[in-house]
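Enquirer: First the structure, then my questions, so here it is.
The values are calculated or read from the model by the stated rules, or taken from the named source; none is laboratory data. None of these values were measured; they are calculated from a predicted model. Glycine also receives a Cβ, built like all others from the backbone with ideal geometry; neighbour counts cover every protein chain displayed.
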Ligand SMILES: Nc1ncnc2c1ncn2[C@@H]1O[C@H](COP(=O)(O)OP(=O)(O)O)[C@@H](O)[C@H]1O
Ligand SMILES: [Mg+2]
């Protein structure tokens, strides 16, 4: 939980300095909703991944400079089937997709709730996968399972995590965070607090920076983006 909030707020942070695209992969279209964009897709969507015109027709400007959004497409629900039918090798596909986004310095993908084929594919086409981790036993378990499902030894170092929905008053949250810090290599040293401002994004339909710029949640997302930029993988780009 917290993927969409993270995608929207981090993409907003990135767009302050760089051309940024947020690509909504969730058919529930929450990212589009938060950014006040009608998630309507034009044209035949069967060849979504490799046709330039699909992107040209459907990428929309948000209310913010240098911040565009590509809305969710129902076809993405069947992306795994589509991918399995495609003739391109995985490598060609990656090249083509990256070619579509030449104008953007950063492309964020807001992942769907759960789908391991998609997650695997996501990991393949992305430089970095960021997974919010709520400091509870169950989330930890889900995180470990997801990681071992999608990652191999080589890709493991591109999967990052950070604590989200943290309540520092809860002993259990603090204990779990301490334990994870000891064992998790790619844990970014930023905790996003449990915050009513983040919930308010659904009412205000805007990034937290615009709701409470000096608040804890806003600075946490700003710090998170900074931490990612400073990571070995992104700083080498
Ligand atoms: N740090 C947080 N504090 C409080 N509420 C949060 C926080 N992160 C997410 N939420 C709320 O939890 C719900 C799910 O978050 P969301 O980002 O949509 O998760 P996902 O995309 O992983 O399903 C939303 O209502 C959102 O406002
Ligand atoms: Mg979501």
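Enquirer: Filter the range 4-42 down to residues that are within 20 Å of residue 120 (Cα to Cα) and at pLDDT 95 or above and give me whichever is farthest from ligand 2 (Cβ to nearest atom).
Expert: Per the stated criteria, the residue is 22.
Enquirer: Among the residues of the range 186-208 satisfying the criterion of being in a helix (DSSP H, G or I) and buried (at least 20 other Cβ atoms within 10 Å of the Cβ), which is nearest to ligand 1 (Cβ to nearest atom)?
Expert: Top of the filtered list is 198.
Yes/no matrix, rows are residues, columns are (1) at pLDDT below 95; (2) away from ligand 2 (no atom under 16 Å from the Cβ); (3) closer than 14 Å to residue 128 by Cβ:
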site: 153; (1), (2), (3): yes, yes, no
site: 157; (1), (2), (3): yes, yes, yes
site: 170; (1), (2), (3): no, yes, no
site: 175; (1), (2), (3): no, yes, no
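Okay, residues lined up against (1) free of Cβ contacts under 8 Å to residues at least 40 places away in the same chain; (2) over 20 Å from residue 223 (Cα atoms); (3) in contact with a helix residue (DSSP H, G or I) (Cβ under 8 Å, 6 or more places away or on another chain):
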{"site": "106", "(1), (2), (3)": "no, no, yes"}
{"site": "126", "(1), (2), (3)": "yes, yes, yes"}
{"site": "166", "(1), (2), (3)": "yes, no, yes"}
{"site": "191", "(1), (2), (3)": "yes, no, yes"}
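Enquirer: Does any residue of the range 212-220 turn out to be within 16 Å of ligand 2 (Cβ to nearest atom) and touching a helix residue (DSSP H, G or I) at 6+ places or on another chain (Cβ under 8 Å)?
Expert: no
Enquirer: Let me ask you something else. Tell me which residues, restricted to the range 10-36, are crowded, with 24+ Cβ neighbours inside 10 Å, within 21 Å of residue 192 (Cα to Cα) and within 12 Å of ligand 1 (Cβ to nearest atom).
Expert: Across the range 10-36, the qualifying residues are 31, 34.
Enquirer: Scan the range 138-151 for residues that are surrounded by fewer than 16 Cβ atoms within 10 Å (Cβ to Cβ) and either modelled with pLDDT of 95 or more or in contact with a helix residue (DSSP H, G or I) (Cβ under 7 Å, 6 or more places away or on another chain) (or both) and jot them down.
Expert: 149
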